[in-house]
Amino acid sequence: MELFRLGYSEYQEARLFYKRTSSIGFPIIQGVLANLQCGEVFANGGRDFFFAVHKFGFCQMFCSTQDEDRLREFCDWIVKPNFFQGRKLRWYNPSPGCLGYFANCGRETAQLSERTQMRLEEAKPVELSGSSVAIKPLTPEGIDKIVFDIGLGNRFWDSVEDFIACGVGVGAFDGDDCIGVCYSASLADGVAEVDIFVDERYRNGGIGKRLVQAFIGQCRLRNVTPNWDCYTNNIPSLSLADATGFSSRYIYPFLTIYK
């Protein structure tokens with residue numbers, strides 16, 4: 001199988017195909033297909049086999065066949081050394097045929113795990129303490145005050161300006177220092193991928209819950225649905241999601257391929 005890189009003008013075809021064929025939609029992939037975030041989209045000549053990859057390595061294959069020979073050819077293509085220059089691919093919901101390929105090919109560089117996609121059922125109230133930490137919408141000035149490095153302007157988004165224009169986010173501020181953030185790693189088709197981080201010195205004090213609650217409020221102002229996605233063994237993340245009103249809709253396989 002040979003896949004060809006699509007031009008931006010061809011992404012709409014892939015986007016419509018994705019909506020028709022994918023059982024689970026992922027905001028980061030949708031962001032690439034909508035040309036809102038940096039990545040690449042590939043297709044075969046018959047345009048019934050597509051592959052989208054975000055610049056950080058999150059990727060998904062979507063096609064209209066489960067033919068084992070074609071899936072095996074695709075897997076042979078994806079592991080080629082000259083495909084994708086990043087350190088690893090993070091593959092959302094690979095098909096059983098592709099999982100079988102990596103289980104039987106003897107590659108020690110492919111690791112299978114399990115993730116869950118969660119959506120907000122009903123926002124739960126968060127008890128506010130007497131903390132001096134303030135929760136505010138993120139601005140360029142606030143982003144400059146973040147005390148840890150999460151690459152907000154380059155990991156998922158192309159720049160801080162790009163995030164401010166297209167994303168949603170809130171920060172927790174202790175004085176001038178931003179000591180926690182909850183923001184959209186992607187926002188496409190009305191769904192925002194939640195990412196959250198709190199400085200270690202401020203954890204276990206309810207700041208994470210307050211950030212998520214404020215993030216939900218910002219999403220509602222923009223008629224956006226927050227999407228929580230994490231590993232099923234990430235107990236702190238699952239607990240925070242449950243405490244703020246999220247519940248699981250899907251559990252799916254996730255394959256990490258180290259290049």
Q: Would you mind telling me which numbered condition in (1) under 19 Å from ALA185 (Cβ atoms); (2) surrounded by fewer than 14 Cβ atoms within 10 Å (Cβ to Cβ); (3) modelled with pLDDT of 90 or more ARG87 fails?
A: (3)
Q.
Of the conditions (1) buried (at least 20 other Cβ atoms within 10 Å of the Cβ); (2) touching an Asp or Glu at 6+ places or on another chain (Cβ under 8 Å), ASN233 satisfies every one except a single condition; which number is it?
A. (1)
Q: Looking at (1) surrounded by fewer than 20 Cβ atoms within 10 Å (Cβ to Cβ); (2) in contact with a Leu (Cβ under 7 Å, 6 or more places away or on another chain), find the lone condition where GLY217 falls short.
A: (2)
Q: Scan the strands (runs of 3 or more DSSP E) fully inside the stretch 12-81 and keep the ones with 3 or more residues being of a type outside the set (Gly, Ala, Ser), within 14 Å of TYR92 (Cα to Cα) and without any contact (Cβ under 8 Å) to a residue 40 or more places away in the chain.
A: 58-63
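The values are calculated or read from the model by the stated rules, or taken from the named source; none is laboratory data. Keep in mind the model is a prediction, meaning the values are calculated, not measured. Neighbour counts are summed over all protein chains in view; Cβ atoms, including those assigned to glycine, are modelled from backbone coordinates with ideal geometry.
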